[in-house]
Structures are given as C-alpha cells and as structure tokens.
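The block underneath contains the structure these notes are about, expressed in structure tokens.
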Amino acid sequence: MTKEEAKEIFSTIRSEYLSLPFPKYQNADLEDLKRKYEILGELKDYLLENALYNRLINSISQTIARLSNKGTWFNISERGINKSIPPVIKKGEKEIEFPFKWVAGQSDHACFINGYWDDKNYMVMDVLGYFLLLKEGGDRLPEEKSNVFDDLESIKAREIELNQQRNEKPSRLTIEEAFRSQKYSVRFNDDYFRKFTGKSKMHSNEILALLLETSRVEFRVAFPVRLQEGSRSRIKEKWYSMNLFSRPFEMGYTEAARKDGIIQGRTYYIFFNTILGELFVHNLLTKGYDRVSNSLYNLPPSAQIFYRRFLLHHDFHRIELNLETISERMNFVDKNRSNLMSSIEKNSLKPLTKNGLILTYKKIDGLHGIKYEILLPDKKQKGIEGLEKLIEGPEKTIEGPEILSK
C-alpha cells in the first residue's frame with residue numbers, strides 16, 4: 001500500500017463517519033465501526049503525523065466504547081472515599097508495614113490505614129452507597145438533601161460517642177433485630193451485588209470474602225465533609241481529621257444452604273455504625289456523589305483508581321497533572337521516571353481513552369517538570385445513557401435491594 005492509497009481509504013472512512021447524524025453513538029452500527037477502526041489501525045504507519053487521523057481514531061474509539069456500554073448499570077460513587085483514601089496494594093511478595101502513613105495534601109494532616117485497599121474495595125463502597133440511597137429514598141434516589149452532621153464539632157462529639165459505645169458490653173441482638181435498630185443499614189443478596197457490579201460470574205464465597213475484607217480495613221484519615229454554611233443552604237467541603245481508627249462499616253450475613261450443606265447463597269447486612277461510615281452516609285445524603293458506570297470495574301485497576309482520584313469528582317473539560325502529583329496520589333513506588341510515565345500511560349491513560357472517559361492526553365514540560373494535559377468529555381453530554389434512563393416510571397422508581405425488607 002502506498003501513502004496515497006492510505007490517505008484515500010482514510011478520507012473515505014472519515015467522510016462516512018462524519019456523515020452520521022449526531023449523537024453518533026445512537027446512529028452508528030457497532031460492528032461497522034469496529035471494522036473501520038481495525039482498518040484505520042492498519043494505516044497507522046502512513047498517517048501517524050496526520051492530526052485528522054489521530055482525531056478520527058479517538059472519536060471512533062469513544063463511540064465504540066459508548067455503544068458497547070449501552071445498557072450498563074450506573075452506580076453512585078461517594079466523593080470523600082475517592083478523594084481521601086489512596087490505593088494501598090500489595091506488590092508481589094513484598095509486604096507493606098502497617099499502619100501505612102501518608103500526609104493528606106489538602107489538609108496537611110497525617111493519615112493512616114491498617115490493611116490493603118484497591119479497586120475492588122472502591123467498587124464495594126460504590127455499590128453499598130447506592131444501596132443506602134435507594135433505601136433512604138424508598139427504592140429511588142432521594143430528591144431532597146438531608147444530613148447526619150451539622151458542623152465539625154458534631155462530628156467530633158459523635159466520634160467520641162461511638163468510641164464509648166464500642167467499649168460497652170455488646171448487646172445480644174439477632175442480625176434482623178440489629179438491622180432494624182440501626183439507622184443507617186442495608187441488606188441485599190448475591191444477585192443484587194452481581195447486578196450492580198456487573199460481576200455476573202462472581203461466586204457467593206468471593207462476594208463474602210470481598211465484603212469482609214473491605215469491612216475490616218481501618219482508617220484514621222482527614223475526610224472531606226459537605227457541611228452547610230449560613231442560612232442560604234450553601235454547602236462547603238471541610239476536612240475533618242479523625243482522631244481514632246474507624247472501619248467503613250460493620251457487617252453480618254445469613255446463609256441459604258441445601259440439605260447436604262452446600263451454600264446456595266447469602267444475604268448480607270451492612271451497618272454504617274462507625275464514624276467513617278456515618279461520614280460516608282452524610283456525604284451521600286448531601287448529594288456528594290457522582291455517577292459511575294459499572295463498566296469502569298472492567299478496566300485495569302490503575303485506570304479505575306486514576307479515574308477516581310483525579311477525574312470523576314469534577315466537571316472540568318481540561319486538567320493538568322504533574323507527574324509527581326500522580327505518583328503521590330496513586331501511591332506509586334517506582335522512582336524511575338521513564339518506568340513511571342510508561343506505566344501511567346499504558347495502565348491508566350490509554351484504557352481510559354479507549355473507554356471514552358478521556359478524550360485525549362499529551363505529555364508536556366511544565367515549570368515544575370513533566371505533566372500531563374488531559375481533555376475530558378462533557379459529563380452531561382458524554383454519550384453514555386445516564387442514570388435517568390435506567391430509572392423507570394413517572395416517579396423514577398428503581399427495583400433496589402431494599403425490596404428484601406418488604
């Protein structure tokens with residue numbers, strides 16, 4: 001193939017793509033686009049320096065991602081967890097010494113974690129948060145904001161109260177009685193967890209292990225809390241530095257077994273009766289959350305975490321991130337800059353671009369060293385069918401896990 005032949009093929013594909021009515025993801029054929037994308041990939045060596053070629057590649061890849069994501073489930077992702085908790089991941093055989101310590105850049109407070117925390121634990125918090133909101137709204141998202149705390153002093157007082165209760169003699173309630181007595185709690189079964197995460201092949205034992213693992217991690221962190229300021233209901237984010245270690249939630253479960261003892265499924269009971277759990281609930285009730293498709297959970301772990309730590313919680317169209325900032329907030333340990341950049345691009349930026357969560361990115365030299373300039377789609381018009389499309393009926397009801405309580 002000659003360069004002129006490559007240009008002619010490219011021009012034909014570009015004209016056909018541009019002729020599709022907007023929004024393109026609603027008017028394109030997925031298989032046809034995949035075929036065009038493969039052909040364009042074969043033209044790479046002839047057109048790599050062509051800006052229109054690169055733009056078309058990006059546009060088609062995002063449309064393919066959006067078409068592939070149609071019908072996926074959208075969860076709710078609470079911002080405080082994503083902002084305040086870094087990934088702490090075991091690398092090979094090397095053990096991390098706990099409690100692991102870091103300094104929260106936004107608040108300049110020392111923070112600690114006892115236990116590993118990765119993409120799957122973030123996913124659990126997404127799903128549990130959504131379950132909680134569905135319960136609070138009566139199988140739909142609450143329309144009005146509410147709150148657990150009024151100010152930082154009320155948080156401090158509650159933290160002391162919860163610590164005193166923890167030291168008291170435990171009550172002997174059945175799990176059902178405990179569920180009814182707790183103000184902020186949810187229950188669900190394996191099927192609902194699979195539905196909301198999109199992990200249809202996840203075994204009940206795996207779900208149980210993941211929930212237990214997430215519940216047992218202890219934190220002492222600076223946490224961003226949405227608090228009302230003044231009489232005009234203006235909400236401002238303030239950082240509360242926890243004084244004691246706290247788990248995100250407590251849990252229990254019941255099992256359904258056959259006569260031969262084989263476990264057929266479980267029902268899980270989640271209690272947000274810790275200070276971190278109540279801060280999490282407070283932010284959800286004040287609408288401190290973002291929509292997130294469960295297709296995110298199929299991306300590489302680094303891509304998921306990068307999206308949460310830097311991109312999910314704002315509406316900017318363009319963002320610049322220093323290499324050092326990325327390394328710090330992603331908790332990367334490799335100090336080799338070449339390896340670091342290669343890892344960021346391969347495991348985070350490229351998968352996010354292919355999935356349509358990033359439009360383009362480029363590496364540039366800034367005043368403080370290397371940084372990445374990232375262009376993002378408009379969250380309100382990024383082509384993926386939104387949460388409202390998944391909510392049926394005039395009252396926007398959702399068949400949520402709280403039906404188990406009826």
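Every read-out reported here was derived from the displayed coordinates using simple, explicitly stated rules and does not represent laboratory data. The structure presented is a predicted model; accordingly, all values stated were derived computationally and were not measured. Cβ: placed from backbone, ideal geometry, glycine included. Neighbour counts: every protein chain shown.
General observations
- Global geometry of the range 73-216, whether rounded, prolate or oblate, following the gyration tensor of its Cα atoms and the 1.5 cut on a/c: rounded
- J(HN,Hα) series, the range 155-161, from Karplus relation 6.51 cos²θ - 1.76 cosθ + 1.60, nearest Hz, glycine and proline x: 5, 4, 5, 5, 4, 5, 4
- Residues in the range 249-264 carry Karplus couplings, in order, of 6, 10, 8, x, 7, 10, 10, 10, 10, 6, 4, 8, x, 6, 6, 9 Hz; the curve used is 6.51 cos²θ - 1.76 cosθ + 1.60 with θ = phi - 60°, and Gly or Pro positions show x.
- Extension reserve of the Ile262-Lys201 stretch, reckoned as 0.36 nm per residue once the Cα distance is removed: 20.2 nm
- Model label points for Ser19 and Glu229, set 7 angstrom from Cα along the Cα-to-Cβ axis, are 5.5 nm apart.
- Entry note, the chain: relative contact order of 23 percent, from Cα contacts under 8 Å with a spacing of 6+ residues.
- J(HN,Hα) series, the range 177-188, from Karplus relation 6.51 cos²θ - 1.76 cosθ + 1.60, nearest Hz, glycine and proline x: 5, 5, 4, 6, 7, 7, 5, 10, 8, 9, 9, 6
- Ile370 long-range amide H proximity, modeled H, under 5 Å: Leu323
- The spacing between the range 235-286 and the range 327-369, judged by their C-alpha centroids, is 33 Å.
- Per-peptide packing, taken as the mean over residues of other Cβ atoms within 10 Å, places 277-283, 93-99 in the sequence 277-283, 93-99 from highest down.
- Residues whose amide H lies under 5 Å from that of Gly265, counting only those 5 or more places away or on a different chain, are Ala256; hydrogens are built 1.01 Å from N in the peptide plane.
- Summarising the amide proton neighbourhood of Thr360: residues at separation of 5 or more, or on other chains, whose placed amide H is nearer than 5 Å comprise Leu375.
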